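As structure tokens, the structure follows; a few thoughts come after it.
The values are calculated or read from the model by the stated rules, or taken from the named source; none is laboratory data. Nothing here was measured: the structure is a model prediction, and the numbers come from that model. Methodologically, a virtual Cβ is constructed for each residue, glycine included, from the backbone with ideal geometry; neighbour enumeration extends over all protein chains shown. These area figures cover heavy atoms from the full protein model, side chains too; ligands, DNA and RNA do not enter into them. Shrake-Rupley method; radii C 1.70, N 1.55, O 1.52, S 1.80 Å.
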Amino acid sequence: MTAYSLLDLVPIVQGGNAAQALANAADLARHAETLGFTRYWVAEHHGMEGIASAATAVVIGHVGAATSTIRVGAGGIMLPNHSPLQVAEQFGTLDALFPGRVDLGLGRAPGSDQRVSAAIRRGMGGDGNEFPQDVVELQSYFADDGRTGIRATPGAGADVALWILGSSLFGAQLAAALGLPYAFASHFAPGLLDEAIDVYRRNFRPSAALARPHLMLGFNVFGADSDDEAEYLASSQQQAFVAIRTGRGIQLPPPVHGYRETLGAQGNAMLGQVLSASAIGGPETVRSQIAAFVARTGADELMLTSAMFDHDARRKSLTIAAEAMRSL
């Protein structure tokens with residue numbers, strides 16, 4: 001069976017606040033745990049009024065304390081925003097709190113616009129070009145091999161599973177070269193999906209961490225009792241994507257009926273491309289669309305994401321998704 005996990009951006013809905021979003025995150029993680037999800041990941045984003053996961057390691061601690069068995073982690077930490085030593089200390093601390101349950105996905109994108117990125121990286125000079133070296137340095141802290149001359153406390157010897165994230169071929173090449181599992185962001189940037197899969201699998205070198213390639217792909221699920229209801233619920237995420245692509249980050253808006261019909265040809269084409277790795281519909285539609293995606297890609301694991309305005313509807317969507325995954 002293909003494994004299935006959950007990516008949560010901890011959305012702040014219109015009329016809501018960060019406290020509510022964080023409470024929903026803990027509840028959603030507990031729900032995912034009962035449904036058999038392998039891991040719960042939180043993503044690092046900054047300067048976005050609709051996302052409450054900027055302090056990613058803190059949010060992971062919150063979710064970890066609310067659960068008992070599901071793996072918790074970052075999908076991901078944008079490494080150029082941090083020193084590798086600080087990341088080793090943060091995730092070494094999480095491993096001490098939740099031993100054997102912590103994942104650390106690493107990316108090189110800023111997770112913000114240029115202005116916010118400059119504020120985050122003030123004095124650091126990081127621009128992503130040193131990402132491979134930073135990953136190796138981080139590995140050294142966890143391995144406690146003495147190569148850096150510094151011991152991370154906590155962090156040295158921590159059992160933290162490292163992943164490389166990406167939406168381009170760069171991450172696929174790096175994950176293959178280092179023999180690490182790879183997660184591709186096909187849930188919002190599917191353009192290079194097939195090429196990245198080929199690059200990763202073809203160039204993979206076994207390592208002490210991983211004997212064979214392990215590929216996880218992002219996939220949107222908007223499940224409901226019927227196809228029509230699912231289309232309606234999915235319109236919240238569609239509105240948010242359109243806003244981002246037009247330079248306006250917004251809090252997650254309420255769904256609207258017939259949203260796609262209000263967009264012109266250009267807007268519909270953009271959404272069709274961005275959300276091509278998605279299942280939108282009732283239980284049978286979701287099952288068939290997930291099955292087709294897994295059959296096409298051969299993914300070892302799906303990282304499911306389901307941003308909805310109504311929390312109960314989101315819980316139900318995850319239940320439908322889990323049932324679909326178990327039926328494959």
Surrounded by fewer than 22 Cβ atoms within 10 Å (Cβ to Cβ), among the charged types (D, E, K, R) and over 25 Å from Leu28 (Cα atoms): which single residue out of Arg115, Arg108 fits that description? Arg115
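Do we find that Ser207 is outside any strand (DSSP E or B), within 17 Å of the chain's Cα centre (by Cα) and small (Gly, Ala, Ser) in this structure? Break it down stepwise before answering.
Working: outside any strand (DSSP E or B): yes; within 17 Å of the chain's Cα centre (by Cα): no; small (Gly, Ala, Ser): yes.
Against the criterion (outside any strand (DSSP E or B), within 17 Å of the chain's Cα centre (by Cα) and small (Gly, Ala, Ser)), Ser207 does not qualify.
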Enumeration of residues in the stretch 184-212 that are touching a Gly at 6+ places or on another chain (Cβ under 6 Å), among the aliphatic types (A, V, I, L, M) and surrounded by 24 or more Cβ atoms within 10 Å (Cβ to Cβ): Ala185
Just a yes or no: is a residue in the stretch 41-61 of a type in the set (Val, Ile, Thr), touching a residue at least 40 places away in the same chain (Cβ under 8 Å), open to solvent by 10 Å² or more (accessible area, probe 1.4 Å) and within 27 Å of Ala299 (Cα to Cα)? no
Of all residues in the stretch 224-278 being assigned to a helix (DSSP H, G or I), open to solvent by 80 Å² or more (accessible area, probe 1.4 Å) and acidic (Asp, Glu), the one that is modelled with the lowest pLDDT: Glu261
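Quick grid of which residues meet (1) open to solvent by 30 Å² or more (accessible area, probe 1.4 Å); (2) under 15 Å from Ala321 (Cβ atoms); (3) part of a strand (DSSP E or B):
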| position | (1), (2), (3) |
| --- | --- |
| Leu6 | no, yes, yes |
| Gln20 | yes, no, no |
| Asn24 | yes, no, no |
| Asp27 | yes, no, no |
| Glu33 | yes, yes, no |
Against the condition in a loop (DSSP other than H, G, I, E, B) and either open to solvent by less than 40 Å² (accessible area, probe 1.4 Å) or over 25 Å from Gly100 (Cα atoms) (or both), how does Ala175 come out, does it pass? no
